[in-house]
Amino acid sequence: MDLLRFITCGSVDDGKSTLIGRLLYDSDAVSLDVLAALEEQNRTSAAGTVDLALLTDGLRAEREQGITIDVAHKYFTTPRRKFIITDTPGHVQYTRNMVTGASNADLAIVLVDARQGIVEQTRRHTIVSVLLGIKRFVLAVNKIDLMGYSEAVFHDIVADYAAVAAQLGIKQVANIPISALHGDNVVKPSANLPWYKGPSLLEYLETVPVATEANTDAARFQVQYVIRPQSVELPDYRGYAGRIQSGVYRRGDQVLVLPAGIETTLEAIEINQQEADVAVAPQAVVLRLTDDVDVSRGDTIVPLALAPEPTRELEATLCWMVEQPLRAGHKLLVQHHTAKTRAVVQAIVGKTDIQSFAQQEATEAKLNDIVRVRLKTAQPLAADTYQQNRTTGAFILLDEQTGATLAAGLIEQTVLAEPEFEI
Amino acid sequence: MPTLPRIDYLDRLEAEAIHILREVAGQFQRPALLFSGGKDSIALVRLAQKAFRPGKFPFPLVHIDTGHNFPEVLQFRDQLAAELGEQLIVRRVEDTIKQRGLREPGGKFPSRNALQTYTLLDTIEEFGFDACIGGARRDEEKARAKERIFSVRDEFGQWDPRRQRPELWNIYNGQIQPGENVRVFPISNWTELDVWNYIQRENILLPSIYFAHERRCVVLPSGQLLAVTEHLTLDASDELTTRQVRFRTVGDATCTAAVESDAHTLEAIIEDILQAKVSERGATRLDDKISETGMEDRKRNGYF
Ligand SMILES: Nc1nc2c(ncn2[C@@H]2O[C@H](COP(=O)(O)OP(=O)(O)O)[C@@H](O)[C@H]2O)c(=O)[nH]1
């Protein structure tokens with residue numbers, strides 16, 4: 001059975017929570033006691049019927065404010081697939097949460113209210129999703145019941161969104177009319193939408209091809225932990241434990257250990273202490289090398305032919321996630337998966353306007369800004385661009401003092417065109 | 001050329017959990033694995049074997065013992081630790097109550113779940129643990145659905161849902177300041193059914209109380225069944241019965257309800273779960289019912 005991870009995005013009140021509630025409810029993922037608790041809650045809050053949105057609005061603050069403020073995860077399984085839903089908030093001030101949700105998703109459901117069509121938020125969420133590398137989109141036109149299940153209304157919205165998608169270079173959009181509240185076309189096709197010939201939302205989700213973990217990408221592996229039993233039976237054993245980030249590793253591969261640049265051979269691949277001839281992303285493995293070389297956490301082991309050039313200078317897009325602004329000259333920590341190094345912001349190159357997708361001038365990044373920066377790191381990183389690799393093209397920035405996560409980083413360029421200069 | 005292995009959803013969940021466990025080993029000085037003897041922590045132990053063998057675990061197993069145990073579970077715990085050859089640390093709620101002069105919860109069903117928090121915080125301080133691995137899952141409860149995989153706690157073990165660090169891609173940020181520590185949940189993305197499927201696939205042994213057996217129970221007014229143990233004070237009005245039951249979690253015996261079942265095998269349990277639409281916590285933990293936000297309140301206060 002496959003696994004599909006998707007995010008749901010839309011503006012407040014477009015019906016996101018109701019939709020997720022509906023998917024869980026109609027696919028039988030909601031247990032009786034949770035339903036009973038909901039009914040109880042609804043009775044005391046005097047609404048009447050079961051409010052499906054309550055299935056996803058978890059935290060107390062949200063209950064008090066009646067809005068979704070953080071990223072919530074929901075799970076359901078059908079006979080065909082297992083799904084992980086990341087529900088991300090609609091408010092402008094929570095772009096960072098949306099970025100967080102999109103970073104782990106294979107697909108985005110963009111929800112719009114049929115009465116309003118494409119609004120500012122629709123654009124913004126689509127842009128953030130595209131930025132984070134999501135390739136597949138579902139335009140779910142919700143509350144179609146309130147527009148008399150009108151085909152014309154649906155087609156107008158579809159046409160508007162097609163223009164947005166074209167501008168952003170999105171190639172795969174499935175357009176699906178639904179009523180989350182009444183369940184039309186969410187799980188089962190609806191007699192209220194006789195003009196719609198496509199799959200229901202769930203049927204689409206069950207059949208859309210899943211990203212095959214980028215196994216066609218160049219092979220990448222970073223060392224997480226060195227296993228050295230130093231026991232009587234295994235006095236000299238040295239295994240490099242980590243996850244295959246992308247691509248395929250084979251026993252006997254000629255490999256390079258980066259950033260040191262040492263050449264050696266993959267003596268063995270172990271999975272749960274069994275030797276394997278081949279391993280693929282995202283398997284967790286232990287690699288052993290023929291030569292006794294110095295390898296530690298943060299090092300990258302890659303097939304010789306596909307090796308990236310380690311670099312100390314990066315151009316990257318950041319989503320800035322904290323109140324205090326970022327400016328040129330700031331020092332912080334880069335965490336590139338298992339590699340961690342200090343870095344300085346050499347320049348803020350510009351800012352992406354997330355309404356128009358246009359580049360603007362900028363000298364600082366404020367909360368929720370998407371900016372382009374140039375970074376110089378203390379240690380070289382074996383990185384790729386985000387375009388090339390959604391894993392090794394990504395990093396986070398940390399505050400040196402507090403350890404707080406400051407930004408999501410997407411590498412645009414690893415070798416800069418401008419001449420190098422020392423700082 | 002060998003064909004490429006096919007990775008299904010359980011392989012993916014397993015790989016994610018192993019990756020997380022190794023991040024703990026790579027990022028922290030003194031981690032610990034919180035081990036309850038329940039199926040989720042037993043699954044964690046299997047994942048740790050896959051993550052670290054042929055080496056030793058880079059952390060001890062730590063059991064915060066409520067004292068209200070099923071004897072089968074303790075026996076299982078000790079045997080497992082011995083077979084693994086790993087260190088087991090046990091700290092007792094009983095001792096915390098004495099040391100801190102706390103009041104035992106009174107009443108008919110004196111759950112010590114709330115007091116576990118104190119013992120856990122004392123244990124973290126005693127050993128200087130900077131990361132505690134737990135078997136919590138996001139599908140267990142609404143508040144958990146929002147918790148990060150690396151969840152930073154302040155000195156008092158408190159969780160502030162508004163100040164959570166964004167968790168991007170599969171990059172886990174374990175950078176903390178002195179006094180802070182991190183709770184890590186490697187099987188966050190697993191559901192109850194996933195855990196059972198994994199246990200079956202991996203032939204993992206479980207304490208016998210997970211399987212159907214005859215047991216003397218009290219019938220609660222709600223209709224739920226509670227095992228008769230020395231920790232309950234029964235009176236004449238209590239309705240007692242002997243039924244075929246199994247347990248779905250192995251927490252504090254005074255507040256872990258039994259479910260009627262004739263499932264003697266893993267296959268039968270999985271079949272039961274597919275059919276019974278009563279989620280784990282609702283069916284079995286009585287003390288979550290105290291308030292609608294039961295879990296959230298306890299998390300803020302440093303519960304696992
Ligand atoms: N008529 C109708 N109302 C809907 C539909 N979907 C959601 N709603 C209502 O729209 C309101 C906002 O829905 P909610 O799910 O809370 O929106 P969210 O803020 O996007 O999570 C609620 O009153 C829902 O009952 C729909 O398909 N049709």
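Summary of values
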{"item": "Volume in Å³ per residue [convex hull over Cα atoms, computed for chain A]", "result": "177"}
{"item": "FRET efficiency estimate (nearest 0.05) - Cβ-Cβ, A:MET1 to B:GLU126, R0 51 angstrom", "result": "0.70"}
{"item": "Label point distance in nm, A:LYS135-A:GLU400, each placed 7 Å from Cα along Cα→Cβ", "result": "4.0"}
{"item": "P(r) histogram, all alpha-carbon pairs of the protein assembly as shown included - 10 Å bins from 0, percent", "result": "3, 14, 24, 26, 20, 10, 3, 0, 0"}
{"item": "The range B:191-268: GluC sites (Glu not before Pro) in DSSP coil with no more than 12 other Cβ atoms inside 10 Å", "result": "B:GLU230"}
{"item": "Residue-span extension gain [A:LEU168 to A:ARG115] - 0.36 nm each, minus C-alpha spacing", "result": "16.7 nm"}
{"item": "Gaussian network model of chain A, springs between alpha carbon atoms under 10 Å - residue of A:VAL138, A:VAL232, A:VAL173 with greatest fluctuation", "result": "A:VAL232"}
{"item": "Acute angle (nearest 10 degrees) that the helix A:32-44 long axis makes with the longest principal axis of chain A, alpha-carbon atoms", "result": "50"}
{"item": "Given A:LYS82/A:LYS143; A:LYS16/A:LYS135; A:LYS135/A:LYS351; A:LYS135/B:LYS50, the pairs whose alpha carbons are separated by over 29 Å", "result": "A:LYS135/B:LYS50"}
{"item": "Calculated over the range A:90-203: convex hull of Cα atoms, volume per residue (Å³)", "result": "100"}
{"item": "Accessible area (Å², per residue) of the range A:305-413, counting only protein heavy atoms and a probe of 1.4 Å", "result": "38"}
{"item": "The range A:137-169-the range B:1-56 distance, computed between alpha-carbon centres (Å)", "result": "43"}
{"item": "DSSP-loop trypsin sites (Lys or Arg not before Pro) across the range A:326-423, with at most 14 other Cβ within 10 angstrom", "result": "A:LYS366"}
{"item": "For B:ALA263, distant residues with modelled amide H under 5 Å away", "result": "B:ALA212"}
{"item": "Highest-fluctuation residue, A:SER11, A:SER190, A:SER231 considered, GNM on chain A with Cα pairs under 10 Å", "result": "A:SER231"}
{"item": "Cα gyration tensor category, rounded, prolate or oblate, for the range A:311-381 with a/c compared to 1.5", "result": "prolate"}
{"item": "Computed [θ] at 222 nm, deg cm²/dmol, chain A (DSSP H ≥ 4; -39,500 (n - 2.57); rounded to nearest 500)", "result": "-5500 deg cm²/dmol"}
{"item": "Residue-by-residue Karplus 3J(HN,Hα) for the range A:120-128, coefficients 6.51, -1.76, 1.60, Hz, glycine and proline x", "result": "3, 4, 4, 4, 5, 5, 5, 4, 4"}
{"item": "The range A:275-423: radius of gyration over Cα atoms, expressed as a fraction of 2.2 N^0.38 Å", "result": "1.14"}
{"item": "Probe 1.4 Å, accessible area per residue of the range A:74-135, Å²", "result": "28"}
{"item": "Cleavage-rule hits (chymotrypsin sites (Phe, Trp or Tyr not before Pro)) in the range A:344-423: DSSP loop, at most 11 neighbouring Cβ within 10 angstrom", "result": "A:PHE421"}
{"item": "Among A:GLN273, A:GLN360, A:GLN121, residue whose mean-square fluctuation peaks in a GNM of chain A (springs only between Cα atoms under 10 Å)", "result": "A:GLN273"}
{"item": "Distant-in-sequence amide H partners of A:VAL255 (H built 1.01 Å from N, under 5 Å)", "result": "A:THR264, A:THR265, A:LEU266, A:LEU304"}
{"item": "B:ASP235 - accessible surface, heavy atoms, 1.4 Å probe, Å² rounded to 10", "result": "80"}
{"item": "5 angstrom amide H check on A:VAL138, placed H, neighbours 5+ away", "result": "A:ALA108, A:ILE109, A:VAL110, A:ALA174"}
{"item": "Alpha carbon centroid spacing (whole Å) that separates the range A:344-408 from the range A:262-308", "result": "30"}
{"item": "A/B buried area, accessible surface, summed, 1.4 Å probe, Å²", "result": "6200"}
{"item": "Pairwise centroid distance, computed over Cα atoms, of the range B:234-248 with the range A:190-247, Å", "result": "46"}
{"item": "From phi via Karplus (6.51, -1.76, 1.60), per-residue ³J(HN,Hα) for the range A:146-152 in Hz, x at Gly/Pro", "result": "6, 10, x, 6, 6, 5, 5"}
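The values are calculated or read from the model by the stated rules, or taken from the named source; none is laboratory data. Only a predicted model underlies this, so the values are computations on that prediction, with no experimental measurement involved. So basically every Cβ, Gly included, is an ideal-geometry build from the backbone, and we count neighbours across all protein chains shown. In case anyone asks, the SASA skips ligands and DNA or RNA and just uses the protein heavy atoms, side chains included. Shrake-Rupley method; radii C 1.70, N 1.55, O 1.52, S 1.80 Å.
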